[in-house]
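Beneath this line is the structure, given in structure tokens, with notes to follow.
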Amino acid sequence: MSTDRNPTTRLADGAEIPLLGLGVWQVPDGPECVNAVRWALELGYTHIDTAQAYRNERSVGTALKDSGVDRDKVFVTTKFLPSGDDPVAAIEQSLRRLGLDFVDLYIIHWPQGGPTWAWPGMERARERGYARSIGVSNFSAAELESLAQTAQVMPVVNQVHFNPTAYRRGLLEACRQRDVALEAYSPLGTGRLLSDPTVGAVAARLACSPAQVLLRWCVQRGVPVVAKSTHRDRIDANRQIFDFELSDEDLARLDALDRTGGTTAANEHPWW
Ligand SMILES: NC(=O)c1ccc[n+]([C@@H]2O[C@H](COP(=O)([O-])OP(=O)(O)OC[C@H]3O[C@@H](n4cnc5c(N)ncnc54)[C@H](OP(=O)(O)O)[C@@H]3O)[C@@H](O)[C@H]2O)c1
């Protein structure tokens, strides 16, 4: 892992994923999304996480273009919406909306219809150069295991709900055993964890914000994390997590917030 302002971690296929990214779930297509992504890039973010389901790839593309940031300096993820039937056709549409020739990471958004059917299409998308890396999201350890039986190329990422209250140790360990990087989404509990008293106490001790504590909790384990904000000051504050450390005691207090029992499942309530 490098130690500059945008540390990265290496994926099994050799690609480097920045540990912190801006996510744009629930950000409407249009100025709000363009501004959030533009601010993030201005402030030094190098990783943007969108999805076909978010319907804002066009705004992400506009912000990327307007920013003037070199294509090779930013890591862009999009996700295959699995109600469609062809990951290749779907990413061709995504790339048109994003104004890009390729994305850095293309992942199956959730295992609708089972964990294996879409994977050959994801492999084809990679072979055609539409995605540098391919992966999955919301896959349990058992679903990863099923995929491993049929995949020609293993996924390099499993993006899942992961934060101190959803500390899925079993899934983290299963991913590590397969050389799949677990990537954290909803690190702030979609905002709900920001008022947690334990998180607040750790933040007070370190004179930082609850959001910084929660993001730091992920990166201190080498887990890449995507956080969402549409406020410039919060986007800025959220990236300032590489110059302080949670102590072992802080980590233990945060770990104890887990409500999943260290599960190998990706979600308590699959929505598909
Ligand atoms: N693969 C999947 O199925 C999946 C599912 C969920 C999420 N994701 C990805 O993960 C990303 C993050 O997850 P998330 O959107 O659920 O939420 P999150 O990042 O856990 O939390 C975002 C919420 O926290 C607020 N917030 C952010 N920084 C803050 C700060 N410094 N101070 C106070 N409030 C702050 C935001 O409000 P403001 O915007 O008003 O600042 C927003 O309400 C998504 O955007 C998406 O890219 C993926």
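List of remarks:
- For the range 193-248, filtered to residues that are part of a helix (DSSP H, G or I) and acidic (D, E), the residue that is farthest from the ligand (Cβ to nearest atom) is D248.
- Condition check for L214: closer than 29 Å to A51 by Cα and among the aliphatic types (A, V, I, L, M): yes
- Filtered residues of the range 199-250 (kept if of a type in the set (D, E) and open to solvent by 20 Å² or more (accessible area, probe 1.4 Å)): D233, D236, D243, E245, D248, E249
- Answer residue from the range 151-163, given it is within 12 Å of the ligand (Cβ to nearest atom) and open to solvent by less than 20 Å² (accessible area, probe 1.4 Å) and is farthest from H269 (Cα to Cα) among those: V157
- When the range 205-222 is filtered for residues that are under 22 Å from V37 (Cα atoms), among the hydrophobic types (A, V, I, L, M, F, W, C) and in contact with a helix residue (DSSP H, G or I) (Cβ under 8 Å, 6 or more places away or on another chain), the ones remaining, listed by number, are A211, L214, L215.
- The range 78-102 - residue that is within 15 Å of the ligand (Cβ to nearest atom) and open to solvent by 10 Å² or more (accessible area, probe 1.4 Å) and, of those, farthest from the chain's Cα centre (by Cα): S83
- Filtering the range 13-29 for residues that are away from the ligand (no atom under 16 Å from the Cβ), within 18 Å of the chain's Cα centre (by Cα) and at positive phi leaves a non-empty set.
- Some residue of the range 130-150 being among the basic types (K, R), without any contact (Cβ under 8 Å) to a residue 60 or more places away in the chain, over 21 Å from W25 (Cα atoms) and surrounded by fewer than 20 Cβ atoms within 10 Å (Cβ to Cβ): no
- Some residue of the range 174-181 being part of a strand (DSSP E or B) and either among the basic types (K, R) or more than 12 Å from the ligand (Cβ to nearest atom) (or both): yes
The values are calculated or read from the model by the stated rules, or taken from the named source; none is laboratory data. Computed from a prediction, not measured in an experiment: that's the story for all the values here. Heads up, the Cβs are rebuilt from the backbone with ideal geometry, glycines too, and the neighbour counts pull from every protein chain shown. These area figures cover heavy atoms from the full protein model, side chains too; ligands, DNA and RNA do not enter into them. Shrake-Rupley method; radii C 1.70, N 1.55, O 1.52, S 1.80 Å.
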